[in-house]
Amino acid sequence: MERYEGARLYVLDGEKETEVPLLKVMVNDSHSWAMPQSSRVPSAFARVKIRGRITFRLRFDEASGDSARVLPSGWNIMPSVRDGGKVIDFTLYSAGAYSLEPGRDPLKAIMIVADEYGEEPIDESKYENVITLGPGVHTKENNDLIGDNNKIVLESNTLLKLEEGAVLQGALTANEAKNIAVVGPGIIDGSTFDRQKDALVPLDFSSCEGVIIKDVTFLDPSAWVVNLYFTKDAIVDGVAIVSSRSNGDGITLQSCENVEVKDCFVRSYDDSLVCKNYALPYGNPDRDSHGSSRNIHFHDIVIWTDLAQSTEIGFETVGEEMENITFKDLTVVHAYHKPVVSIHNGNYADIHDISWENITVDDCSVGLGDAGKSHLVEMTAEYSATWSENPASGGTEIGDVHDIEVRNLLVRSVRSGLSPTFNFAGSKDQRLDPEFKGQIAMVSDVLMEDIELEGEMVLEGDSRIRKNEYTENISFAETGEKVTGATLRRSMSSEELDALEGPLLIE
């Protein structure tokens, strides 16, 4: 993997410095959609395992400014800056995902994912087939497991291990497989693939059951990244994603059931966390082939959204229901484009019992680039010329959105000149087709509770709240409790850290 130029990262043991490799990864700073992609610039990424308090030192070739910050801000990590920003020290005391930003400039960010040292390995005895990709770069030219299409196909009862130092330049696919797992800490790298000629979804599982995806890093994918389609009983745990090319969605779940996504870092150039309903196969007009989404839970995730929505239900919502989907303890370190919280019902699903709880937005910059509007929260049930009649749906009526809750949403900072808004809109169908013309789709029974923007509560009557005539019972309220946003889970308590004996541990 190519190393990042301009800075080096070290671990300190006293004054002894041990280097941690900083990888170069491309990110997109345009906040505008383009094919194959718009402006991309190099950034830095490192993934390590730590135990206890670990102090890092960054050395820059050039001065980076007299200040720095570490996000998520909820950790209250205060870096020490010297020599005009040529040296920055900071201490981490818990596993998690972090962005160290010299000069408080996100374009200079050093992204660090710190995993807890000593986690229990996966039980290999549960799998009949174990595939190990060891250190080195794996391509179709040097690994017979990878087909001419650059894909490894996983069958039932298979565990694939990407060991430390392994880099797969290819993709993993599975169809109608049961009991399969992909575990890291290796990397799946898409940098060698062209976005238009040979775009690859690096992990693409369809109609599978019993899936585990754990501790894998995905860098520079040439399409969307983790894709589960008509899949049941899955866990996505400890995944790290940095994408910067068109349609670079992070984790996308399509007509899935019983899925848990946790402890991940997702920096995406399209929706970061997204649920959709589709047909099987894609575009099948027979409604018996359309799948519902239910029992999906996202929690304890750090998000950086360069384009589109941080969390999204829709627009493609072909299928009877989308229900019991939760987002909890999410920290959005940067939201640059479209809403942080969004539901867009562009087809006929009945979308209900969806909740967001304990959400922090460190940097709310929604509305930049070609976003068009500065919505922080948006929930709509409207026809979309782009999505309601594309091959995914074949043209459908528009369903309702109801019984939605957003609780304890904390926005710490809003970019100067922007004013985040809250948009709720149902619709009366204006299509000429008599099958659809005049039908009403409602957005109703939405509770927005304890919503705080830069120290100010958002309550009924706020000018930033917008509702059209096809909405009902949308309320903003406060409980009187402190708005705290996401709860950040520490690997060890203060007492455990103080009692820790032995040398520093890091990999």
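The values are calculated or read from the model by the stated rules, or taken from the named source; none is laboratory data. If you're wondering where the values come from, they're calculated on a predicted model, not measured in any experiment. With ideal geometry, Cβ positions are generated from the backbone for all residues, glycine too; neighbour counts draw on all protein chains shown. Note: areas computed on protein heavy atoms with side chains; ligands, DNA, RNA excluded. Shrake-Rupley method; radii C 1.70, N 1.55, O 1.52, S 1.80 Å.
Results, tabulated for the structure shown:
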quantity: Cross-link partners of K16 among lysines (Cα-Cα below 26 Å; sequence separation of 8 or more within a chain); calculated: K24, K49, K86, K108
quantity: Charged-residue dipole, Cβ positions (Lys, Arg, Asp, Glu), the stretch 375-507 about Cα centre, Debye nearest 20; calculated: 500 debye
quantity: Solvent-accessible surface (1.4 angstrom probe) belonging to V137, in square angstrom, nearest 10; calculated: 70 Å²
quantity: Whole-percent carbon and sulfur share, accessible surface of the chain, 1.4 Å; calculated: 44 percent
quantity: Local net charge near S94, Cβ-Cβ under 13 Å (Lys/Arg +1, Asp/Glu -1); calculated: 0
quantity: DSSP-defined beta bridges in the chain - what % are antiparallel, rounded to 5; calculated: 25 percent
quantity: Peptides ranked, highest mean first, by Cβ atoms within 10 Å: ranges 104-113, 426-435, 330-339, 408-417; calculated: 330-339, 104-113, 408-417, 426-435
quantity: Area accessible to solvent at S32, 1.4 Å probe radius, in Å²; calculated: 30 Å²
quantity: Probe 1.4 Å, protein heavy atoms only - accessible area per residue of the chain in square angstrom; calculated: 40 Å²
quantity: Accessible area (Å², 1.4 Å probe, nearest 10) - S365; calculated: 0 Å²
quantity: The chain: calculated mean residue ellipticity at 222 nm from DSSP helix runs of at least 4, using -39500 (n - 2.57); calculated: -500 deg cm²/dmol
quantity: Positive-end residue of G369, L459, S64, charge dipole of the chain with Cβ unit charges; calculated: S64
quantity: Long pairs among K373/K428; K276/K467; K197/K232, criterion Cα-Cα beyond 27 Å; calculated: K197/K232
quantity: Dipole axis of the chain (+1 Lys, Arg; -1 Asp, Glu on Cβ), positive-most option in Y127, P281, Q37; calculated: Q37
quantity: For semi-axes √(5λ) of the Cα gyration tensor in Å, calculated from these coordinates, the label among [x] 36, 29, 20; [y] 39, 34, 21; [z] 46, 22, 20; calculated: [x]
quantity: Reach of K161 by Cα under 16 Å, taken over lysines that are not fewer than 8 positions away in the same chain; calculated: K126, K151, K214
